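Engineer: Supplied in structure tokens, the structure appears directly below.
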Amino acid sequence: MTDETTPRTRSSAATWVGFAAMCLGMFMAILDVQIVATSLPDIQSALGIAPDAMSWVQTAYLIAEVIAIPLTGLLMRALSMRWLFVIATGVFTAASVGCAASQGFNSLIAWRVLQGFAGGTLIPAVFAAVFLLFPLRQQAFATTLAGVVAVLAPTVGPIVGGWITSTYSWHWLFLVNVVPGIVAVALAAGLVPATAANLKEVRRVDWLSLAFMALALATLEIALKEAPTRGWLSPLVIGLFAVAVASGSAFVRRSLTHAAPIVALRSFADRRFTIACILSFVLGIGLFGSTYLMPVFLAFVRDHSALEIGTIMLVTGVAQLVVAPIAVLAEKRVPARILTAAGFAFFAVGLGMSVFQTPRTDYDQMFWPQVVRGLAIMFCLLPPTRMALGHLTEAEVPDASGVFNLMRNLGGAIGLALIDTVIYARGPGHAADLTARLAAGDADAATFIGIPPALLTGGAPTPAQQAYLAPLMEKAATTLAINDAWLMMAALTAAALLCIPFARQR
């Protein structure tokens, strides 16, 4: 039997194929969230789900995922890398079949929870594998391969989901996972290096810490989901945040004092790791936020179909693929701090380029912002990954990888909540401002909204004019609110540059 640490000095073709199988499993898990989001209305209609419960199809998956991610280190020690991946991918594939066969809301949610928990372990397992399976000279390429897969899935998700929805039934959103899942399991079972399972790790688990962690992450995720619509100061949201803080504090205290913590929080004592986690958190805001804002704008302002939206968003994915070889070469020759600073600076610029959208912005105007973001993303992901994990011992990597990847998902969850809050809060104000400017005869406002300046007569609009202007006004106000959200993400990404100089090598 091959030891997991052997590839530190050599890596065979079989190891690379096994790692590619792991990347395939991770791709499925990330893609699943995107393609299901595309077709939630179809699922709601087919299963008779209440409109206010529809979002739980996604939320259930995401809650289970964020709970599973930090447990990856524990599960990897208990099962070994090979068998954790094989079991998790097998469960994910079986749960996908269960989702497709669901006849109602409750059964679908149960399968989504199982699917999310299994899928959540795949992402940190792959990034841990980079540093456990390959020697230093090959880690840059392995990190790039994993990074391309991780960021490409959200980009191609809308077009894949749109195509499946328009061509087949919603069941195929889940059944599409079956064949890749079987292939990934078969390849990984024979080719990923493995050690013997150490099930004693499970018997040593601090179950109370696990309960505190699960409660903290679940209530935080639900609070972030409800805050934009109910209000951040609503009793439900405040109560959920209070539970999250209390249970999270209890989890941290027990983890720092327990002999065998389920998550090694002491990794944060390492300054480079902590800064890399901050960068991962900020990247999550921009990465998840941009792949959310573009479909919102293209669907609600430009009235594009899911397939058209996916086609437009492919630009980002193509840019990522183009820059990938350059990223591999640069990682070997340029210090991580310099690459990271360049990546976050360009990503902030790319986000800022979308601040100036109008209700008529479409593919042509979105092309270059997507190119800039696509070229920058790889340098926002790869160097910080090495910064976080590259200097740790092999025993530390699995736990640290779980925490590092969790930070990106938490950044995405918090970022989406902030984005929705900005859109809900700023939209009415922009609508009122545009109405006042129209009443004053402002030609620039009329041009932005999309009505001929000749129609401006001054004074309050007549009822007939209001009926004509209402949909145009709504789209214009939504556009300005979305622009505010782009500006917020650009500012947060630029602010992350301030912590990079502190990530000096010890």
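The values are calculated or read from the model by the stated rules, or taken from the named source; none is laboratory data. These numbers come from a predicted model, not from an experiment. Positions of Cβ are generated from backbone atoms using ideal geometry, with glycine treated the same way; all protein chains shown enter the neighbour counts. When the accessible area is computed, the model is the full protein with side chains, heavy atoms only, and any ligands, DNA or RNA have been set aside. Shrake-Rupley method; radii C 1.70, N 1.55, O 1.52, S 1.80 Å.
Engineer: Work out the P(r) tail for the stretch 95-172: percent of alpha carbon pairs separated by more than 15 Å, whole number.
Structural biologist: Roughly 69 percent, rounded to a whole number.
Engineer: Quick one: Karplus J couplings for the stretch 285-298, per residue in order, coefficients 6.51, -1.76, 1.60, θ = phi - 60°, nearest Hz, x for Gly and Pro?
Structural biologist: Here the 3J(HN,Hα) series is 4, x, 5, 5, x, 5, 6, 9, 5, 4, x, 4, 5, 5 Hz.
Engineer: Per residue of the chain, what 222 nm ellipticity follows from adding -39500 (n - 2.57) for every DSSP H run with n ≥ 4, rounded to the nearest 500? Don't skip to the end; give the middle numbers.
Structural biologist: Working: 19 runs with 390 residues, N = 506.
Estimated from H runs of four or more residues: -26500 deg cm²/dmol.
Engineer: Reported to two decimal places, what Rg/Rh ratio describes the stretch 265-315 when computed on Cα atoms with Rh from the Kirkwood expression?
Structural biologist: Rounded to two decimals, Rg/Rh equals 1.29.
Engineer: Which of the lysines could a cross-linker bridge to residue 225, judged by Cα under 27 Å and excluding same-chain residues fewer than eight apart?
Structural biologist: Once the sequence-local lysines are set aside, what remains near residue 225 is 475.
Engineer: Hey, another quick one. Write out the trypsin sites (Lys or Arg not before Pro) in the stretch 344-387 meeting two conditions: DSSP loop, and at most 11 other Cβ atoms within 10 Å of their Cβ.
Structural biologist: Counting only loop positions with at most 11 other Cβ atoms within 10 Å, none of the trypsin sites (Lys or Arg not before Pro) in the stretch 344-387 qualifies.
Engineer: Ignoring chymotrypsin sites (Phe, Trp or Tyr not before Pro) that are buried or in helix or strand per DSSP, and keeping those with at most 16 other beta carbon atoms within 10 Å, what is the longest stretch of the chain between them?
Structural biologist: Here the longest segment lacking exposed loop sites spans 233-506.
Engineer: Kindly sort 270, 42 by accessible area of their heavy atoms, largest first, with the probe set to 1.4 Å.
Structural biologist: 42, 270
Engineer: Can I ask one more? If 266, 337, 408 are ordered by their accessible area, calculated over protein heavy atoms with a 1.4 Å probe, which sequence runs from highest to lowest?
Structural biologist: 266, 337, 408
Engineer: If amide H atoms are built 1.01 Å from N in the plane of the peptide, which residues on other chains or at least 5 residues away come under 5 Å of the amide H of residue 170?
Structural biologist: none
Engineer: Explain nothing, just compute: Karplus ³J(HN,Hα) = 6.51 cos²θ - 1.76 cosθ + 1.60, θ = phi - 60°, for every residue of the stretch 182-195 in order, whole Hz, x for Gly and Pro.
Structural biologist: So the Karplus estimates, Gly and Pro as x, are 5, 4, 4, 5, 4, 5, 5, 4, x, 10, 6, x, 9, 10 Hz.
Engineer: Assign one of three labels to the stretch 236-287, namely rounded, prolate or oblate, based on the Cα gyration tensor with a ≥ b ≥ c the square roots of its eigenvalues; rounded applies when a/c is under 1.5, prolate when it is not and a/b is larger than b/c, and oblate otherwise. The partial results should precede the final answer.
Structural biologist: Details: a/c = 3.09, a/b = 1.05, b/c = 2.95.
Here the stretch 236-287 falls in the oblate category.
Engineer: While we're looking at this one, here's another question. Once you have the Cα-Cα distance between residue 179 and residue 296, take 0.36 nm times their residue separation minus that, and quote the gain in nm to one decimal.
Structural biologist: Going from the current span to full extension adds 39.0 nm.
Engineer: Let me ask something additional. If you wrap a convex hull around the alpha carbons of the stretch 203-289, what volume per residue comes out, as a whole number of Å³?
Structural biologist: 113
Engineer: Considering amide H positions built from the backbone, and no H for Pro or chain starts, which residues 5 or more places from residue 80, or on another chain, come under 5 Å of its amide H?
Structural biologist: It is 198, by chain and number.
Engineer: Go ahead and collect, in residue order, the members of the stretch 235-263 whose backbone nitrogen is under 11 Å from a label point 7 Å along the Cα-Cβ direction of residue 208.
Structural biologist: Of the residues in the stretch 235-263, 251, 254-255, 258 have backbone N under 11 Å from the label point off residue 208.
Engineer: How much length is gained on full extension from residue 234 to residue 367, taking 0.36 nm per residue of separation minus their Cα-Cα distance?
Structural biologist: The residue 234-residue 367 span can extend by a further 43.9 nm.
Engineer: Over the stretch 382-437, give the accessible area per residue in Å² for a 1.4 Å probe, as an integer.
Structural biologist: Accessible area per residue: 32 Å².
Engineer: Give me the distance in nm between label points sitting 7 Å out from Cα along the Cα-to-Cβ direction at residue 424 and residue 311, one decimal.
Structural biologist: Output for this residue pair reads 3.4 nm.
Engineer: Collect residues whose amide H, placed 1.01 Å from N in the peptide plane, falls under 5 Å from the amide H of residue 262; neighbours closer than 5 in sequence don't count.
Structural biologist: 206
Engineer: Still on this structure, please answer the following. Each residue of the stretch 470-478 in order: what ³J(HN,Hα) in whole Hz does its phi give by Karplus 6.51 cos²θ - 1.76 cosθ + 1.60, θ = phi - 60°, with x for Gly and Pro?
Structural biologist: So the J values, rounded to whole Hz, are 3, x, 5, 5, 4, 5, 5, 5, 5.
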